[in-house]
Amino acid sequence: MTLRTLVILRHAKAERPDDLPDFDRKLTTTGETDADAAGAWLADERLHPDLVLCSPAARTRQTWQGASIALAQAQPGGGAPEVRYDQGLYHGGVTEVFDLVRKVPDTIRTVLVVGHNPTVSEVSLMLIPDDQYDGGLVELKTAGLAVHRGEGSWADFEPRSMSLLERHTARG
């Protein structure tokens, strides 16, 4: 069986201006720094995604951009992952995330999902196998990451199917 790694990243800290639609909210300066820190942490952990599934909202795109720069600096000449921006990661919920991941080709070993709460926290919680779950709530903070690993095909991606290896909150 092939090991698969799913990394979940909640977007970094975003502005809250009254006159801007939610979709267009951008990262704060702190958020930009934390997005860079998330990428540096991924690089340090050697978690280089083959595929990135990212919400198209401004703050998630900026989070991925900051993380991707830090990853690229850590692996000069390394190939950039394919990035897919999907409305389901903004407008949808847990079901849409599971459906998107199930469509990932099995040639891909590591997937990074960049999205929003409460959905990303709920997905992470749902993935933890019953024998590993301690009953606590898994709330990813801004720039929070959860690393899950499991065996099998992405098409078989189901709740309780991927162990939680690590949780980290990136702060720059």
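A short reminder: the numbers here are calculations on the coordinates, not readings from a lab. Keep in mind that this is a model prediction, so the values were computed, not measured. Cβ sites come from the backbone with ideal geometry, for glycine too, and all protein chains shown count toward neighbours.
Odds and ends about this structure:
- The range 31-172: projected area of the alpha-carbon convex hull, averaged over directions, in nm²: 7.9
- Here the range 144-172 and the range 50-92 have alpha carbon centers that stand 17 Å from each other.
- Label-reachable residues, the range 111-132, where backbone N falls under 13 Å from a point 7 Å from Q75's Cα toward its Cβ: 111-112
- Proxy reagent accessibility, fewest Cβ within 10 Å first, across Y133, Y90: Y133, Y90
- FRET efficiency for S153 and K26, using Cβ-Cβ distance with R0 set to 30 Å, rounded to 0.05: 0.20
- Computed from backbone phi, the HN-Hα couplings of the range 142-158 come to 4, 6, x, 10, 10, 10, 10, 9, x, 9, x, 7, 4, 4, 9, 4, 9 Hz, rounded to whole numbers (Karplus: 6.51 cos²θ - 1.76 cosθ + 1.60, θ = phi - 60°; Gly and Pro given as x).
- Bridging of K13 to aspartates and glutamates at a Cα separation below 16 Å is possible for D22, D24, E32, D34, D36, E139, once same-chain residues fewer than 8 apart are set aside.
- Cross-link reach is defined here as a Cα-Cα straight distance under 17 Å, omitting same-chain residues fewer than 8 places apart; for K103 the aspartates and glutamates meeting it are D50, E82, D86, E151, D156, E158.
- Taking other Cβ atoms within 10 Å as a rough exposure proxy, W41, W64 sort from fewest to most as W41, W64.
- Per-residue Cβ neighbour rank within 10 angstrom, fewest leading, E122, E139: E139, E122
- If the chain linking V83 and D99 were pulled fully straight, counting 0.36 nm for each residue of separation and taking away their Cα-Cα distance, it would gain 4.1 nm.
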